[in-house]
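Just so it is clear, none of the values below were taken in a lab; they were calculated from the coordinates. All values derive from a computational prediction rather than experimental measurement. Because the Cβ atoms are built from the backbone with ideal geometry, glycine has one as well, and the counts that use them run over all protein chains shown.
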Amino acid sequence: VQVPVYVVLLHYPIQNRRGDIVATSVTNLDIHDISRTACTYGAKRLFMVTPIEDQHRLVNRVLEHWSSEGAQKWHRDRSEAISLVQLAHSFDEVKAEIEKETGTCPEVVLTDARSLPKSVSYREYRKELEERQEGSPPLALVLGTGWGVASEFYPEVDRILDPIYGPTGEKGYNHLSVRAAAAAIMDRLFGQ
Ligand SMILES: C[S@@+](CC[C@H](N)C(=O)[O-])C[C@H]1O[C@@H](n2cnc3c(N)ncnc32)[C@H](O)[C@@H]1O
């Protein structure tokens with residue numbers, strides 16, 4: 001059974017370099033690159049979550065640009081991917097939207113470059129997903145920005161995926177851009 005997947009890019013609540021909780025700014029590259037990845041790996045939607053109205057206005061301008069007739073004609077692949085993007089003010093709004101669409105609350109899966117307790121390996125979680133039965137909850141795959149998702153968000157989380165490491169493992173550098181992480185994560189979970 002193919003579980004419906006919703007990708008969520010959180011801009012709040014996020015940690016900054018000092019460990020404060022902040023709202024980060026939306027990055028235009030994230031809209032373009034993560035929506036293409038989401039589209040390639042069959043996600044239903046890419047939610048960009050920010051409580052800041054100014055950011056909504058800015059992102060809406062970008063979305064409107066890429067949904068114009070001209071863009072659809074001349075940049076069809078790009079506008080198809082960007083059509084998956086939906087703005088939300090909060091994660092509550094995301095959950096409500098997913099529930100409205102699927103009839104079920106999502107299983108919330110957090111990704112992080114840091115090692116967090118009780119995380120699950122990609123191999124194990126992919127196997128679990130492949131064995132899911134009809135009517136299983138949809139997935140909300142949560143990606144962070146800034147210095148990562150703040151611990152204030154953890155009560156929302158059902159599952160945590162292991163960090164991705166390179167050849168030198170947990171002692172090595174593993175600070176991927178969220179765009180690169182999104183591609184690696186979706187390929188590990190949903191790639192053929
Ligand atoms: C903390 S943000 C970094 C944002 C950064 N300013 C950028 O260039 O994208 C990166 C997000 O990508 C994901 N990520 C990055 N590196 C990762 C890794 N090694 N393993 C798992 N997820 C990772 C996590 O969702 C993390 O919250």
message: Contact list please: Cβ distance under 9 Å, first residue in the stretch 55-84 and within 23 Å of TYR41 (Cα to Cα), second residue surrounded by 10 or more Cβ atoms within 10 Å (Cβ to Cβ) and of a type in the set (Phe, Trp, Tyr), pairs at least six apart or on different chains.
response: GLN72/TRP66; HIS75/TRP66; ARG78/TRP66; SER79/TRP66; ALA81/TRP66; ILE82/TRP66; SER83/TRP66
message: It is to be established whether one or more residues within the stretch 66-82 are over 22 Å from ARG36 (Cβ atoms) and assigned to a helix (DSSP H, G or I).
response: no
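Residues are listed down the side, and each one gets a yes or a no for (1) free of Cβ contacts under 8 Å to residues at least 40 places away in the same chain; (2) surrounded by fewer than 16 Cβ atoms within 10 Å (Cβ to Cβ); (3) within 13 Å of the ligand (Cβ to nearest atom):
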{"position": "SER121", "(1), (2), (3)": "no, yes, yes"}
{"position": "TYR125", "(1), (2), (3)": "no, no, yes"}
{"position": "GLN133", "(1), (2), (3)": "no, yes, no"}
{"position": "TRP147", "(1), (2), (3)": "no, no, yes"}
{"position": "PHE153", "(1), (2), (3)": "no, no, yes"}
{"position": "TYR165", "(1), (2), (3)": "yes, yes, yes"}
{"position": "LEU176", "(1), (2), (3)": "no, no, yes"}
query: Under the condition of being more than 14 Å from the chain's Cα centre (by Cα) and assigned to a loop (DSSP other than H, G, I, E, B), which residue from the stretch 147-164 is nearest to VAL94 (Cα to Cα)?
result: ASP158
